[in-house]
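**Student:** I'd like to ask you about the structure that follows.
No value in this document is a laboratory result; all are computed from the given coordinates. Everything quoted here is computed from the prediction, not taken from an experiment.
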Amino acid sequence: MPYHHDSLFMNAVFECWRRRLAQYWRTVLSIAAGLTLVLAGRATPVRVDHVDPSEVERQLDSNVIATRQRSEATRIVLHREKAIGAL
């Protein structure tokens, strides 16, 4: 005949194992997150292309009248306002 104490003991054992597994998975996830951050930190964040300074100056000083082309910022705004086809 099982005693009431047996179920209390089993509940205590189950709780102990549940805590150990939770701690184990917390550790595994912490290590995985740390490794992900380290690997992401080592990656090159941007790509840089060297351009002639006179070309950069021409692009910065250009306008729609001189080049007959809309700037990227203008195209973005027109697209956002859904007016790109109107012009």
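**Student:** Quick one: grab the alpha carbon gyration tensor of the chain, order the square roots of its eigenvalues as a ≥ b ≥ c, and give me rounded if a/c is under 1.5, else prolate or oblate depending on whether a/b is larger than b/c.
**Tutor:** Because a/c hits 1.5 or more and a/b fails to exceed b/c, the chain counts as oblate.
**Student:** Indicate the gyration tensor shape class of the range 47-87 (rounded, prolate or oblate), computed on the Cα atoms with a ≥ b ≥ c the square roots of the eigenvalues: a/c under 1.5 is rounded; otherwise a/b larger than b/c is prolate and the rest oblate.
**Tutor:** oblate
**Student:** Now for a different question. Would you compute, from DSSP H runs of 4+ residues alone, the mean residue ellipticity of the chain at 222 nm, taking -39500 (n - 2.57) per run and dividing by the full residue count, rounded to the nearest 500?
**Tutor:** Numbers: 4 runs with 61 residues, N = 87.
Mean residue ellipticity, 222 nm, calculated: -23000 deg cm²/dmol.
**Student:** Here's another thing I want to ask about it. Rounded, prolate or oblate for the range 1-45? Axes are the square roots of the Cα gyration tensor eigenvalues, ordered a ≥ b ≥ c, and the cut-off for rounded is a/c under 1.5.
**Tutor:** On the way: a/c = 10.41, a/b = 9.57, b/c = 1.09.
Prolate, since a/c reaches 1.5 and a/b exceeds b/c.
**Student:** Oh, and also: Given springs between every Cα pair under 10 Å in a Gaussian network model of the chain, which of 66, 40, 32 has the largest fluctuation?
**Tutor:** Greatest mean-square fluctuation among the candidates belongs to 66.
**Student:** Can you work out the Karplus-derived ³J(HN,Hα) for every residue in the range 43-49? Use 6.51 cos²θ - 1.76 cosθ + 1.60 with θ = phi - 60°, whole Hz, and x for glycine or proline.
**Tutor:** After applying 6.51 cos²θ - 1.76 cosθ + 1.60, I find 6, 6, x, 9, 10, 10, 10 Hz.
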